[in-house]
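The block underneath contains the structure these notes are about, expressed in structure tokens.
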Amino acid sequence: MKEKGLYLKPNLVFEPLYDNWYAWSHLISPATAAMNVVGRHHTIIESYLAAPSIHAEAVLNPKMRGGPFMDFGGGRIAEVKALQQKSFQKQEKVIQFAKAIKELDKLLATEAKGFGLEALYEKVPPLLKGYVELYYDRNNNPGFRFFESLLYNSEFYNKSSQSFAMWLTNNDERPFCLSTPRLEDANVLSLDIPFDHPGIDELVKMKRVSQPLGYIKSMLGITPSQEVLFDTFFTDQPPTPYQKYTGDKIRMRYFGHACILVETKDISILVDPLISYYGYHSDVQHFSDVDLPDTLDYVLITHNHQDHILFETLLPLRHKIKNLIVPRTNSGRLEDPDLKLMFNNIGFNNVTAVNEMETIRFIDATITGLPFIGEHSDLNIVTKSCYLVKIGDFKLIFLADSRIIEPKLYEYIHDKIGDVDVIFIGMECDGAPLTWLYGPLLTKKLPRDMDGSRRLAGSDCNKGMSLVNIFNPKEIYVYAMGQEPWVEFISSIKYTDESNPIVQSNKLVQICRDRGMVAERLYGEKELLYEKQTSPKDLNYCTQD
Ligand SMILES: [Fe+2]
């Protein structure tokens, strides 16, 4: 008898892991991965094993939210020790690689004094020879860049460390994911396959198209002992069908945090995908996977931070993404990995890196990469892009977390693109200090006061208003605030009415409303419909190819 087709349940959490830690982009790029294995994972493990009760207390303290504390209530010591030993063995080469990076930094600091660098190549740690080029900046400060694409071909790209944890959820609550590794749990299926495994695409397609279980089990290599749990992930209940937008307008749907879907009857553009699960009660009304089209024409990534590149959402969408647009780099700098390469190496084949003021044209719409300033702790990171989406004459700009440090920049952009209809701006204006994200990449200790002065902070009210004054939008939406329940596990943000980002964004919304504009801080979900031809033809707008 023919085996019955089943669907994948929509509340199956799909957690990508690296060495059992929640996977994010810096754990894929080989050099940043090496530094994070040593400087983040091993450091947290050591600290936990030395003082588990301190971690248990810190996790309960709201002031320590998002800090480097393991959430095991002080327990599971033997398992954490075993994880440490496993990492020491499996990542032996990677650990040596991280050590070599530190040595190279030291070598350059002590021996590169402005004279020719050729002689120093002899002294480059053997593991790094052939993978780096040494240089000076214009002021004789030495540095090095990686030939990053070669690192992906080396023994330092540890694909076998990639795996998945899968389990069914009945709510949006999840603890902060970046400081606690995932240990064995009877309700969680561990799937030892890399992120580029084609079985992932086949599995998630079953959310909409039924398949016999035997088919997917053999693709994923499910073992007999995993079968009982694996079988619970499926249902014979067909999902609610996706309703394609067929109207003549532009439809904008806010999915939470920085994730926005722009659709017309012809095209779909999804910005910074972060999609919640569904199939259970949620106190906050929101769109989810069921509201996404069968194919996504363009997916736009604004910058390389954990809450804007979420593998947990992106890998299940991979099979339906026609074009993935990322900000360009090939600087080779440790702190600025190449996103195109990173995505190519986890199975995304249609990635385009876009430059500042570069335009992609299709049907009656264009996407233009715009400069993104700030929110990167004053590091020389160029892999960041704001976007102008222009459909017909209608213009929306997505500014993500950019902090409008220098309004003059946006005046020049305005000279090129003219007024816009809608602005989306992030206003997480306090931001974590540099070391929260980039600490493991530093090889010299950064004094606390310097660290505190270099934050991952978005715009405050004044900075946001300078944009309004330049672009004269009809509508402005504050977004990317990390507030939704299904975003907290990665954002670690919980505001009160007194929190500065809330105070600042309230102020901006009020000023804009007083001026007669539509203004709102988005939360949960929002749907807006726009006419394509609202603004008079802007003759200044021209694009660069
Ligand atoms: Fe950010």
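Looking only at residues of the stretch 278-335 that are in a loop (DSSP other than H, G, I, E, B), of a type in the set (Asp, Glu) and more than 17 Å from ALA258 (Cα to Cα), we find that the one that is farthest from the ligand (Cβ to nearest atom) is ASP294. When ASP430 is tested against the conditions (1) within 18 Å of HIS376 (Cβ to Cβ); (2) of a type outside the set (Lys, Arg); (3) within 12 Å of the ligand (Cβ to nearest atom); (4) in a loop (DSSP other than H, G, I, E, B), the lone failure is (3).
Of the residues screened, ASP71 is one that is assigned to a loop (DSSP other than H, G, I, E, B) and either in contact (Cβ under 8 Å) with a residue 60 or more places away in the chain or not charged (D, E, K, R) (or both). If we scan the stretch 240-255, do we find a residue that is within 19 Å of the chain's Cα centre (by Cα) and not polar (S, T, N, Q)? Within the stretch 240-255, one or more residues are within 19 Å of the chain's Cα centre (by Cα) and not polar (S, T, N, Q). Of the residues examined, SER25 is not one that is open to solvent by 10 Å² or more (accessible area, probe 1.4 Å) and either out of contact with any strand residue (DSSP E or B) (no Cβ under 6 Å at 6 or more places or on another chain) or touching a residue at least 24 places away in the same chain (Cβ under 8 Å) (or both).
Kindly establish whether LEU388 is in contact with a helix residue (DSSP H, G or I) (Cβ under 8 Å, 6 or more places away or on another chain) and of a type in the set (A, V, I, L, M). Yes; evaluated as a whole, the condition is true for this residue. Close Cβ contacts (under 6 Å, 6 or more residues apart or on different chains) running from residues in the stretch 511-529 that are farther than 20 Å from TYR495 by Cβ to residues that are open to solvent by 50 Å² or more (accessible area, probe 1.4 Å) comprise LEU529/LYS249. Taking the stretch 140-217 as the region of interest, the strands (runs of 3 or more DSSP E) fully inside it that hold 1 or more residues being among the aromatic types (Phe, Trp, Tyr) and open to solvent by less than 40 Å² (accessible area, probe 1.4 Å) are 142-146, 162-168. Tell me yes or no: at least one residue of the stretch 397-412 is assigned to a loop (DSSP other than H, G, I, E, B), touching a Gly at 6+ places or on another chain (Cβ under 7 Å) and either away from the ligand (no atom under 16 Å from the Cβ) or among the polar types (S, T, N, Q) (or both). Yes, the conditions are met somewhere in the stretch 397-412. Residue count for the stretch 499-519 under the criterion of being open to solvent by 50 Å² or more (accessible area, probe 1.4 Å) and either touching a Cys at 6+ places or on another chain (Cβ under 7 Å) or of a type outside the set (Val, Ile, Thr) (or both): the result is 8.
How about the stretch 469-478: which of its residues are open to solvent by 50 Å² or more (accessible area, probe 1.4 Å), part of a helix (DSSP H, G or I) and under 18 Å from GLU520 (Cβ atoms)? Residues satisfying the conditions do not exist here.
Somewhere in the stretch 484-500, is a residue of a type outside the set (A, V, I, L, M), at pLDDT 95 or above and within 15 Å of the ligand (Cβ to nearest atom)? Looking for residues that are of a type outside the set (A, V, I, L, M), at pLDDT 95 or above and within 15 Å of the ligand (Cβ to nearest atom), one finds none in the stretch 484-500, hence no. Picking from residues in the stretch 434-468 that are without any contact (Cβ under 8 Å) to a residue 40 or more places away in the chain and assigned to a helix (DSSP H, G or I), the one that is nearest to GLN504 (Cα to Cα) is ASN462. For the stretch 233-249, taking the residues that are open to solvent by less than 60 Å² (accessible area, probe 1.4 Å) and in a loop (DSSP other than H, G, I, E, B), the one that is nearest to SER268 (Cα to Cα) is identified as TYR245. Could you list, in sequence order, the residues of the stretch 254-279 that are open to solvent by 30 Å² or more (accessible area, probe 1.4 Å) and either out of contact with any Ser or Thr (no Cβ under 7 Å at 6 or more places or on another chain) or small (Gly, Ala, Ser) (or both)? Scanning the stretch 254-279 gives ASP266, GLY279.
Here is a yes/no grid of residues against (1) of a type in the set (Ser, Thr, Tyr); (2) open to solvent by 50 Å² or more (accessible area, probe 1.4 Å); (3) over 18 Å from the mean Cα position of the chain (by Cα); (4) over 21 Å from PRO473 (Cα atoms):
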position	(1), (2), (3), (4)
VAL354	no, no, no, yes
ASP364	no, yes, yes, yes
ASP378	no, yes, yes, yes
LYS384	no, no, no, yes
ASP393	no, no, yes, no
HIS414	no, no, yes, no
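The values are calculated or read from the model by the stated rules, or taken from the named source; none is laboratory data. Owing to the predicted nature of the structure, the values given are computational and were not obtained by experimental measurement. When we count neighbours, we look across all protein chains shown, and the Cβ atoms used for this are built from the backbone with ideal geometry, even at glycine. With ligands, DNA and RNA removed, areas are computed over all heavy atoms of the protein, side chains included. Shrake-Rupley method; radii C 1.70, N 1.55, O 1.52, S 1.80 Å.
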